[in-house]
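Read the structure below first, then the notes.
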Amino acid sequence: MLSPFMPPSPSCADARPVAGGPPSADGLSCSLTVPGEPYSAQIARSTVRSVLHAHHLDRVVPAAEQVVGELIAAAWYLDPGRSLYLALRHRESALRLTVYDGHAPHTHPRLAAHCEARRRAALRVMAAVVRDCGGAWGFGESREPGGGTRTWASLPVAGAAGYLAP
C-alpha cells in the first residue's frame, strides 16, 4: 500500500493520480462489448457521444453517432443474439470506428456474394454519411481469435465536423 508520507519504492509503480488536463483527442482509444440485441445501437451511440465529449471532439458527434448506430444495427441484423465488439480510435486526424461480429465469411462463392450484398445494403445510410464526411469504410474477415467479420469506417475529423453543419 502506498503511503502519502513515504515515496514508493523504485520497484513499485506509483498509483497516485497524476495532475494534468483532460485527455487529448490523440489518446482516444476505447472498446466496448455489447449484446447482439436491437437496443445495443443506442448503448453504442451514447458511449461514443460521451467518449468524444471527454476527448474534446464534440464537433464530430453527429456523424460518429450515425455511423456507429448503423454499424451496430447491421451487425445485429446479420448475426443476432451474439455479442458485438466496438472499437473507437483517433489517429492522424481521423476517427476510426470498428465493429466485430461473429458472422463468419462463407466459403461458397454464391453465398459469400449474397452475404456481402446484404451487408452493403444494410449499411447504405452509413456509406452515405462516410462519403459525405470524406471518409472510407469496408469489411472483411476478422483477425480476432473467434473469427467473424470486421466492419469499419474512418471519418476524417475535418469532414465529420462539417456533417449536418448549417
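A short reminder: the numbers here are calculations on the coordinates, not readings from a lab. A quick note: this is a predicted structure, and the numbers were derived from the prediction, not measured. Note that we place each Cβ from the backbone using ideal geometry, even for glycine, and neighbour counts take in every protein chain shown.
Brief remarks follow.
- Relative packing of peptides 102-114, 54-66 - highest average C-beta neighbours within 10 Å first: 54-66, 102-114
- Over region 44-166, relative contact order from alpha-carbon pairs under 8 Å, at least 6 apart, %: 29 percent
- Among residues other than Ala25 with Cβ under 13 Å from its Cβ, the summed charge is +1 (Lys and Arg +1, Asp and Glu -1).
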